[in-house]
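Every read-out reported here was derived from the displayed coordinates using simple, explicitly stated rules and does not represent laboratory data. Because the structure is a prediction, the values reported are computed rather than measured. Cβ placement follows ideal geometry from the backbone for every residue including glycine, while neighbour counts extend to all protein chains displayed.
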Amino acid sequence: MTAPKVLVTSELWLSCTGRSIADGFRAIGGDISEVDSRYFVPVWRSLPLRLLARGIYPFTRREYLKAVHRVLDDVRPDLFVAIKGTHLDRGVFDACRRVGAASAIYYPDYHFDYAGIDLPALLSADHFFTTKSFQLDFLRAQKRKADIHFLHHGHGPSHAPVLVRVAEQEFARDVAYVGTYTPDKERWLAEFRRLAPAVKFEVFGEGWQQASDPAIRSILRGARYAGAYAQTLQTSRINIALHMEPKGEHGWYDRVSIRTFEIPACKGFMLHIDSDEIRTVYDVPREIDVFATPAQLAEKVTYYLANPVARATMVEAAYVRCVPAYGYQARAGTILQVTGKASPG
């Protein structure tokens with residue numbers, strides 16, 4: 001049997017989830033086609049351009065949908081996979097059935113209130129994979145065609161060690177947090193900073209210019225992507241894994257996130273906010289360790305900074321657990337198996 005033909009659509013910039021999933025299918029040996037939504041629906045940052053993008057959105061979305069339909073008709077894939085599914089409508093999934101393609105959504109976010117997300121339309125796909133276990137009951141209660149599945153985040157090809165090894169004297173910092181700004185994260189990290197003022201701590205990520213606490217503003221270092229992101233994780237003695245705060249009417253919040261998998265894959269040592277779910281992913285405290293309060297975080301940081309051998313041993317154990325089992329190639333393989341599109345043997 002020939003390799004399955006898979007059409008992937010999403011934002012497809014280097015190291016994002018969409019690119020990593022597409023590369024995962026490609027690594028398995030699939031015949032992969034892509035439609036990058038950014039070529040049609042612009043993702044602009046400045047306020048004037050964002051207002052312009054909002055004004056022309058009906059037209060840019062229409063062009064994106066035309067492109068998806070055009071490639072569906074041309075390629076006639078075995079499987080259509082949309083990562084998150086922003087901008088899609090029911091017509092795309094009707095077109096999949098017309099050309100004989102199974103359809104799947106892989107949804108990597110913790111709520112559905114994003115602009116461009118039409119959840120009823122996405123639930124008209126054949127399969128809906130959520131990375132959030134707490135969404136399962138909600139999704140199964142909706143009027144839908146889709147079969148609902150839980151499939152964790154993963155790590156992609158760019159989430160890998162950059163250096164062969166890092167000697168203790170070669171680490172660039174004691175502690176790093178890498179992730180998008182939220183007010184709740186600022187409060188957590190500012191409190192940790194006050195409890196551990198002597199620790200060399202740096203914060204990386206998008207949106208942190210909004211931070212107002214001087215304890216945080218003085219240690220901001222900007223965003224990191226791809227190889228620079230991987231090197232930042234690997235050259236930090238300790239990486240903190242915090243998630244988004246509760247959101248929306250359901251009060252949903254992350255138990256694990258994409259960094260749960262990326263930090264160990266890059267051979268970074270991880271202190272992760274505690275949850276029942278993180279303990280099903282890693283062996284605590286053999287592979288990673290956890291914390292529940294800023295004070296406990298400060299205590300664990302103090303302990304592990306003084307115990308480099310323990311850190312190094314745990315980094316290797318977490319890496320073995322994570323790679324390749326938690327990679328997007330494995331996640332893509334699961335999607336093919338569940339949708340019945342995996343090649344035999």
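Along the range 3-10 the Karplus relation, 6.51 cos²θ - 1.76 cosθ + 1.60 evaluated at θ = phi - 60°, assigns HN-Hα couplings of 4, x, 8, 10, 9, 10, 10, 3 Hz to successive residues, with x for each Gly and Pro. Dipole check for the chain: with +1 at the C-beta of Lys and Arg, -1 at the C-beta of Asp and Glu, and the Cα centre as origin, the magnitude is about 540 Debye.
In the structure shown, the pairs 132/200; 200/267; 5/84 are assessed against 25 Å; a Cα-Cα span above that value is assigned to 132/200. In terms of its C-alpha gyration tensor, the range 1-66 has an oblate overall shape, because the principal axis ratio a/c (a ≥ b ≥ c, square roots of the eigenvalues) is not below 1.5 and a/b does not outweigh b/c.
Among 20-31, 323-334, 115-126, how do they line up by average Cβ neighbours within 10 Å per residue, starting with the highest? The partial results should precede the final answer.
Details: 20-31: 21.5, 323-334: 19.3, 115-126: 17.7.
Averaged packing, sorted descending, gives the order 20-31, 323-334, 115-126.
With a/c under 1.5 counting as rounded, go ahead and sort the range 168-322 into rounded, prolate or oblate using the C-alpha gyration tensor (a ≥ b ≥ c being the square roots of the eigenvalues; past the cut-off, prolate if a/b is larger than b/c, else oblate). Because its axes are fairly even, with a/c under 1.5, the range 168-322 counts as rounded. Computed from point charges on the beta carbon alone (+1 for Lys and Arg, -1 for Asp and Glu), the dipole magnitude for the range 45-108 about its Cα centre is near 300 Debye.
Would you calculate a helix-derived [θ] at 222 nm for the chain, using -39,500 (n - 2.57) for each DSSP H run of n ≥ 4 and dividing by the full residue count, to the nearest 500?
Values: 13 runs with 134 residues, N = 345.
Counting only the DSSP helices, I get -11500 deg cm²/dmol.
For a quick check: sort 132, 66, 145 by the number of other beta carbons within 10 angstrom, fewest at the front.
On the way: 132 23, 66 11, 145 14.
In order of increasing Cβ crowding within 10 Å: 66, 145, 132.
Nothing charged except the Cβ atoms of Lys and Arg (+1) and of Asp and Glu (-1): what's the magnitude of the dipole of the range 168-322 about its Cα centre? Round to the nearest 20 debye. It would help to have the intermediate numbers written out before the result.
Details: 19 positive and 21 negative charges, 75 e Å.
I would put it at about 360 debye.
Scalar couplings 3J(HN,Hα) for the range 318-333, obtained by applying the Karplus form with A = 6.51, B = -1.76, C = 1.60 to θ = phi - 60°, are 5, 4, 4, 5, 8, 10, x, 4, 9, x, 6, 5, 5, 5, 4, x Hz; x denotes Gly and Pro. Of the residues 297, 264, 232, the one whose Cα sits farthest toward the positive end of the charge dipole of the range 168-322, with +1 on the Cβ of Lys and Arg and -1 on the Cβ of Asp and Glu, is 232. Our note on the geometry: Cα centres of the range 20-40 and the range 283-311, 38 Å apart. For residue 31, the residues whose amide H sits under 5 Å from its own are 5, 6, ignoring neighbours fewer than 5 places away on the same chain, with H placed 1.01 Å from N. Count the DSSP beta bridges whose two residues both fall in the range 157-278, then state the antiparallel fraction as a percent rounded to the nearest 5. Antiparallel bridges make up about 10 percent of those DSSP assigns within the range 157-278. Computed 3J(HN,Hα) for the range 124-137, one whole-Hz value per residue from the Karplus formula 6.51 cos²θ - 1.76 cosθ + 1.60 where θ = phi - 60°, is 8, 5, 6, 9, 10, 9, 9, 8, 10, 4, 6, 8, 4, 4, glycine and proline marked x. Taking amide H as placed 1.01 Å from N in the peptide plane, residue 288 has its amide H under 5 Å from the amide H of 283, each at least 5 places away in sequence or on another chain. Normalised Debye scattering of the chain at q = 0.08, 0.10, 0.12, 0.14 Å⁻¹ gives log10 I(q)/I(0) of -0.41, -0.64, -0.90, -1.18, counting only Cα atoms as equal scatterers and leaving out solvent. Distances between placed amide hydrogens fall under 5 Å for residue 326 paired with no residue 5 or more residues away or on another chain. Computed from Cα positions, the angle between helix 183-195 and the longest principal axis of the chain comes to roughly 20 degrees.
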